[in-house]
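Colleague: Have a look at the structure that comes next, please.
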């Protein structure tokens, strides 16, 4: 979602709360539960999973390995669910020509630096860059070249924008900021 005015350009950025992230978190959670149940049933000798007979899985070494995988994937799924609940990576990009300021805000992980804010002057932006990578895993990514700070990534790689949308948004941003576009 974005708002364009004569003097103000705001673009909201999605974070970790995406359907694909929820799908993978649920998949890893169910997988960890399956591994934990299979390892525990091989240790206890009781069928906790009806379609996997515990007598066919010896506890040493297969049951131990399944418990290890179950515990490891449980922590991975916990991490995924935490990033989704905290919506890590969400925020906005705000370009204000009236004040001559740019503010880029993102939410991070909880703690001292949860709020990530970059502020700089519009006059320090030298260009808007588009990096094009062709091929089966090709993508187009937008950057801003900022004097004294280097290159700043503006597009998230997993935003799933078509090449035309990336180019249109880069053109709109460059036109709004009155800077050139570079393609590399």
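Read-outs throughout are calculated quantities, based only on the coordinates presented, and are distinct from any laboratory measurement. For clarity, every value in this text was computed on a predicted model and none was experimentally measured. Methodologically, a virtual Cβ is constructed for each residue, glycine included, from the backbone with ideal geometry; neighbour enumeration extends over all protein chains shown.
Colleague: Computed FRET efficiency, Cβ-Cβ of residue 99 and residue 127, R0 22 Å: what is it to the nearest 0.05?
Modeller: Taking R0 as 22 Å, the efficiency between residue 99 and residue 127 is 0.55.
Colleague: For region 89-183, rounded, prolate or oblate, judged on the Cα gyration tensor with a ≥ b ≥ c (square roots of eigenvalues), a/c < 1.5 rounded, else prolate if a/b > b/c? Each step should come with its number before you reach the end.
Modeller: On the way: a/c = 1.97, a/b = 1.16, b/c = 1.71.
Here region 89-183 falls in the oblate category.
Colleague: Where does helix 64-86 land angle-wise versus the long Cα axis of the chain, in degrees 0 to 90, nearest 10?
Modeller: Computed tilt is about 30 degrees.
Colleague: Ok, one more. What residue among 49, 84, 125 shows peak mean-square fluctuation when the chain is described by a Gaussian network model with Cα springs under 10 Å?
Modeller: Of 49, 84, 125, the Gaussian network model singles out 49 as fluctuating most.
Colleague: Going by alpha carbons, how many degrees (0 to 90, nearest 10) lie between the helix axis of 19-44 and the longest principal axis of the chain?
Modeller: Around 20 degrees separate the two axes.
Colleague: Something else now. Roughly how tilted is helix 163-177, in degrees to the nearest 10 and between 0 and 90, from the longest Cα axis of the chain?
Modeller: 40 degrees
Colleague: Going by Cα centres, region 77-95 and region 1-42 are how many Å apart?
Modeller: 9 Å
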